[in-house]
Amino acid sequence: MMSGHGTVETAVEAIRLGAYDFIEKPLTTAKLLVTIERALQNARLQQENLSLKRHGGVVSVPVGKGKVMKQLRATIERIAAHDAWVLITGEPGSGKEVAARYLHSKSARRDRSFVDMNLAAVPAQNMATQLFGTEQGGETTAGVFEQAGGGTLFLDQIGDLDLATQSRLLNVLEEKRFMRVGGKFAGNA
Amino acid sequence: MSTGTILVVDDEPDIRQIVQEILEDEDYEITTAENAATARTAYNTHRPDLVLLDIWMPDTDGITLLRSGRATTHCRCRW
């Protein structure tokens, strides 16, 4: 905000309404440039903060300068260009989630949600509702497929799923559609 | 390369011109507006990173413009 009649009241009101700063006229080049630079920096930081929150606060890159890691990053980047189901295998601690997050960050879905679900931590009887959501008596609850809508869903420890849910999941992967528990209509996965 | 886009709103042509010159020298991309109506149009067209706004203007003052702008836009821009 700029003013030729700087009063504390107007300055306070401007700041209260969200202005970054208040410059009095006559303007000096130095003050103008410093204020603008700082305001823009502040806006950029706010944007970065929002973006980090949207991405779950984690910017994940599989690190390493070796040939194998370079190849791994290149493969993930190549896969990320496609909208496809990806099976990530590896020993515990090898960084499957890091790979999944990196893939998400390189995909066209990077501004949408990354939803991470550890299947080993969900009791078998709740698994279907957690994955697909529920629809009972007009009330609906979103499962992770809906929560990740348009983004990336990372299903961790998929081998721990019981056979019935594995078969249901396979159906979702093939049809790219799912139905909430108790629901009548299929939604897009 | 531009270091940011700025909308300068001031009813005084001399101020607009001098601020524009100073900021263009620093590689900012500048749009100017002489009143609230033009400022709103320029804002919607250019979506600047920052708005440099004069408080005292004859038709709609800067505080009112700031209030309406903040209320109607979810912007990444600073005022």
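The values are calculated or read from the model by the stated rules, or taken from the named source; none is laboratory data. Just so you know, these numbers come straight off a predicted model, no measurement behind them. Every residue, glycine among them, receives a Cβ derived from its backbone with ideal geometry; neighbour counts consider all protein chains shown. Quick note on the areas: whole protein, heavy atoms, side chains included, nothing else; ligands and nucleic acids left out. Shrake-Rupley method; radii C 1.70, N 1.55, O 1.52, S 1.80 Å.
Among the residues of segment A:1-49, those that are closer than 19 Å to B:Asp10 by Cβ, of a type in the set (S, T, N, Q), open to solvent by less than 50 Å² (accessible area, probe 1.4 Å) and within 7 Å of chain B (Cβ to nearest Cβ) comprise A:Ser3, A:Thr10. Figure legend. Inter-residue proximity from segment A:35-49: first residues within 10 Å of B:Leu50 (Cβ to Cβ), second residues open to solvent by 80 Å² or more (accessible area, probe 1.4 Å), beta-carbon distance below 7 Å, spacing 6+ or different chains. Indicated pairs: A:Ala43/B:Arg76.
Note on segment A:98-189: enclosed strands (runs of 3 or more DSSP E) holding 1 or more residues that are within 29 Å of A:Thr75 (Cβ to Cβ) are A:114-118, A:152-156, A:177-179, A:186-188.
Got a number for residues in segment B:1-55 being of a type outside the set (Ser, Thr, Tyr), assigned to a loop (DSSP other than H, G, I, E, B), within 20 Å of A:Lys25 (Cβ to Cβ) and touching a residue at least 24 places away in the same chain (Cβ under 8 Å)?
The number of residues fulfilling the criteria is 5.
Whether any residue in segment B:34-43 is among the charged types (D, E, K, R), farther than 23 Å from A:Leu17 by Cα, touching a Ser or Thr at 6+ places or on another chain (Cβ under 9 Å) and more than 11 Å from chain A (Cβ to nearest Cβ) is what I want to check. Looking for residues that are among the charged types (D, E, K, R), farther than 23 Å from A:Leu17 by Cα, touching a Ser or Thr at 6+ places or on another chain (Cβ under 9 Å) and more than 11 Å from chain A (Cβ to nearest Cβ), one finds none in segment B:34-43, hence no.
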